[in-house]
Amino acid sequence: MPVAIVTDTNSGISAQEGKELGVSVIPMPVIVNGECYFEEENITHADLYAAMRAKKEVSTSMPSPQSFCEVWDKLLKEGYDGIVHLPMSSGLSASCEMAKQFAENYGGKVQVVDNHRISFSMRIAVFDAIKLAKRGKTAEEIKRILEDHAYNASIYITVNSLEYLKKSGRVTAAAAAIATVLNIKPVLTIQGGKLDAFKKVHGIKKSKEVMLEALSNELKTRFAHVPKERLIIGTAGTLETQAEVDEVIAAAKKTFPGLPVYYTPLSCSIACHTGIGAVGFGICVEEE
């Protein structure tokens, strides 16, 4: 392909999968007790979950400008005509705007896409970028198409504990304490790249039902005009056992028979905000 595709681990695409796809994947930084690690390089999901259970302080930060400039420089030296860089939504992190600023130094050869995606939907955007590049689209054309189709996705997610959302300032300590006592699980939604409250329910089982019902309603309304073969159902989470993963996939397949269903582990970077036991469901329209 004349155009190279770059993303980061928030897409749910591993470094190994990236190699198989021909995509450069930048590892997201994860900070444990003040020490910085990089996803897949020197910290795994199991490592992070163990740190959380040990009550260590965990957080994340943006990738350094050097981390993606080095990748861009390497790809351009290899002879690519252009680069499409897909970071997480600007509504969830400042890393997208930072990448755009540094891309200005590359004379249009690097196109940073803000199509308001993260995790499962970001992953599908990467696959779409690959398809478009193989069709001979330029980096600028791919950016325009992906951003034009930015809102062809919907995500709902629930967390098992509000501990980490409290630490990130998304909920107050008082609200988190009350929710814990009453076993209230917030259902959150990502529409247009921003995280918003959707509903509060009792128990993780009910929250899964609410998310699947919400997506089912969107399938009948918002996505009713989309051909079935272009629809993909995504599941994601910070689940620790295959049995938990299988249960989530089975629930999605039961609700959406005939549609492809995939599970993507939430990146360590995202897990720093959701904690262990988070579950999400999403729907996405893939490129024709």
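Nearest 0.05, what FRET efficiency do Glu213 and Asp148 give at R0 = 30 Å with Cβ-Cβ as r?
On the way: r = 29 Å, r/R0 = 0.98.
E between Glu213 and Asp148, to the nearest 0.05, is 0.55.
Under a Cβ-only charge scheme (Lys and Arg +1, Asp and Glu -1), can you give me the dipole magnitude of the chain about the Cα centre, in debye to the nearest 20?
Working: 32 positive and 34 negative charges, 195 e Å.
Computed about the Cα centre, the dipole is about 940 debye.
Assuming R0 = 45 Å, what is the FRET efficiency of Lys205 and Lys74, from their Cβ-Cβ distance, to the nearest 0.05? Could you put the intermediate results ahead of the total?
Details: r = 47 Å, r/R0 = 1.05.
About 0.40, to the nearest 0.05.
Non-local amide H neighbours of Gln191 (under 5 Å, H modeled in plane, Pro and chain starts lacking H): which ones?
When sequence neighbours closer than 5 places are left aside, the close amide H contacts are Asp196.
Rounded to the nearest percent, how much of the accessible area of region 1-69 (1.4 Å probe, protein heavy atoms only) is carbon and sulfur?
Working: 1680 of 3210 Å².
Carbon-and-sulfur percentage of accessible area, whole number: 52.
Counting only Cα, what are the radius of gyration and maximum Cα-Cα distance Dmax of the chain, in Å?
18.7, 58
With both partners inside the chain, how many of the DSSP beta bridges are antiparallel, as a percent to the nearest 5?
Working: 32 of 50 bridges.
Roughly 65 percent of the beta bridges in the chain run antiparallel, per DSSP.
Counting only protein heavy atoms and using a 1.4 Å probe, what share of the accessible area of region 249-288 belongs to carbon plus sulfur, as a whole percent?
Solvent-exposed carbon and sulfur of region 249-288 make up 59 percent of the total.
Per residue, how large is the accessible surface of the chain? Use a 1.4 angstrom probe and give square angstrom.
Numbers: 13250 Å² over 288 residues.
Accessible area per residue: 46 Å².
Can you tell me how much longer the chain between Ile31 and Phe102 gets when fully stretched, taken as 0.36 nm per residue apart minus their C-alpha distance, in nm with one decimal? Walk me through the numbers on the way to the answer.
Numbers: separation 71, 0.36 × 71 = 25.56 nm, distance 2.41 nm.
Stretched fully, the Ile31-Phe102 segment lengthens by 23.2 nm.
Classify region 51-116 as rounded, prolate or oblate, taking a ≥ b ≥ c as the square roots of the eigenvalues of its Cα gyration tensor: rounded when a/c is under 1.5, otherwise prolate if a/b is larger than b/c and oblate if not.
On the way: a/c = 3.00, a/b = 1.97, b/c = 1.52.
Because a/c hits 1.5 or more and a/b exceeds b/c, region 51-116 counts as prolate.
Could you work out how much longer the chain between Glu229 and Glu41 gets when fully extended? Use 0.36 nm per residue separation minus the Cα distance between them, nm to one decimal.
Values: separation 188, 0.36 × 188 = 67.68 nm, distance 3.62 nm.
Gain on stretching Glu229 to Glu41: 64.1 nm.
The values are calculated or read from the model by the stated rules, or taken from the named source; none is laboratory data. Remember, predicted model here, so these are calculated numbers, not experimental data. When we count neighbours, we look across all protein chains shown, and the Cβ atoms used for this are built from the backbone with ideal geometry, even at glycine. Side chains are part of the model used for accessible areas, which takes the heavy atoms of the whole protein and leaves out ligands, DNA and RNA. Shrake-Rupley method; radii C 1.70, N 1.55, O 1.52, S 1.80 Å.
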